[in-house]
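Q: The structure under discussion is supplied below as structure tokens; questions concerning it will follow.
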Amino acid sequence: MADAREPIPAGIKRDLRQRCGFGCVLCGSPVFDYEHIDGYGVTGHDPAAMTLLCTMHHREKSAGRLPVSMVRRADADPHNRSRSLGAKHDLFFEGNTFTVNMGSTTFTKSKSSVAARAIEIDGEAVVGFSFSEGRILLDITIRDQDNVPLVVVRKGQLRHAVHAWDVVFEGTKLSVRRGPRDIALEIKLSPPAGISIERAEIWCRGILVRVGKSCSKAGLDVEVANNGVGLIGGTWAEFTTLLALGDYLGLEGAAWTTSIGQRWEGGIPAPAGTFSKKGGGQKFKFTNPVSVQDDCHAVGWLGATEIGRKPSPLTC
């Protein structure tokens with residue numbers, strides 16, 4: 001007999017995601033089911049009697065191996081709520097070539113080089129990937145205007161900000177919202193060897209890059225908001241980097257580079273000394289621009305002393 005239960009209202013789903021930190025309350029996984037703790041037949045779609053469980057923990061509970069008492073305790077103190085970034089989730093890509101689509105602009109690279117970058121800012125791979133033992137590993141950092149990470153992918157492992165207004169990871173699509181009808185990121189995974197960034201506002205140390213539907217000018221696929229430079233259509237193949245912005249330009253293999261005359265802070269022009277010499281401050285000093293301390297210090301990627309301010313505290 002078919003299940004006659006009513007669909008869960010979108011508002012209840014969003015409230016549950018927010019309350020549970022956009023992940024399973026036991027392990028934090030961003031891939032989860034909406035669970036009725038005492039059963040739908042007992043409580044209906046009462047959000048106070050519902051929670052989020054990953055597939056594994058859902059099956060354990062349904063089989064009677066996971067006590068309801070443990071689910072209740074986890075629901076009262078969800079795994080992700082004590083962290084700035086949610087639990088890691090593996091992304092699966094493989095092959096000899098990888099493609100990044102940004103609107104009608106396509107960037108593709110084969111494993112003739114170890115790594116490539118679709119977007120690079122100040123020497124950092126904001127949207128990049130690498131080839132390793134048959135796997136393709138994504139490296140992505142999407143920050144907000146305060147330079148705090150919303151989405152971090154390191155070596156193919158995805159984490160999302162718990163402070164976001166909403167995070168939805170269903171099927172092959174990841175969406176992050178800052179508020180109602182305010183979309184910061186929409187990205188579609190296309191395994192085994194591609195992604196499509198359908199919409200994004202990417203901040204990085206005072207530089208704002210808009211992608212796809214986020215562009216303010218019709219027809220643009222990529223837009224550098226600081227100087228109005230844009231990229232429209234075409235296929236770019238076998239460059240090490242498609243778009244390099246900010247300091248440390250002139251790297252070999254970049255298809256397009258542009259310096260930034262004025263950086264922004266919190267959406268307004270940054271004062272002198274904030275981010276970089278060209279943008280009105282001290283240029284960064286580091287020896288390995290590819291390195292990242294760890295996921296939880298992504299906002300302090302170059303270290304607090306190098307950017308002249310203390311990064312926002314993040315916890316794992």
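Since every read-out is calculated from the coordinates, none of them should be taken as a lab result. Predicted model, so just to flag it, every value in this text is computed and none were measured. Here the Cβ is made from the backbone with ideal geometry for all residues, glycine too, and neighbour counts use every protein chain on show.
Q: DSSP loop (so not H, G, I, E, B), at most 16 other Cβ within 10 Å: list which chymotrypsin sites (Phe, Trp or Tyr not before Pro) in segment 124-212 pass both filters.
A: W165
Q: OK, next. Over all distinct alpha-carbon pairs, what is the Kirkwood Rh of segment 89-257 in angstrom?
A: 15.8
Q: Once each part is reduced to its C-alpha centroid, what is the distance from segment 46-93 to segment 137-216 in angstrom?
A: Cα centres, segment 46-93 to segment 137-216: 23 Å.
Q: Given a cut-off of 31 Å, name the pairs among K13/K111; K88/K217; K13/K88; K88/K213 whose C-alpha atoms lie farther apart than that in the structure shown.
A: K13/K111; K88/K217
Q: Full-extension gain between R178 and S113, please, as 0.36 nm times their residue separation minus the C-alpha to C-alpha distance.
A: Numbers: separation 65, 0.36 × 65 = 23.40 nm, distance 3.62 nm.
Additional length available on full extension: 19.8 nm.
Q: Using Cα positions and a limit of under 15 Å, work out the aspartates and glutamates in reach of K61, with same-chain residues fewer than 8 apart set aside.
A: D33, E35, D38, D75
Q: Loop-only GluC sites (Glu not before Pro) in segment 177-256, please: DSSP not H, G, I, E or B, and at most 14 other Cβ atoms within 10 Å.
A: Details: sites: E186, E198, E201, E223, E238, E252; in loops: E238, E252.
In loop regions of segment 177-256 (DSSP not H, G, I, E or B), the sparsely surrounded GluC sites (Glu not before Pro) are E238, E252.
Q: All other residues with a Cβ under 12 Å from the Cβ of V162 taken together, and with Lys, Arg as +1 and Asp, Glu as -1, what is their net charge?
A: Numbers: positive: R17, R19, R81, R83, R159; negative: D166.
Taking every other residue near V162 into account, the sum is +4.
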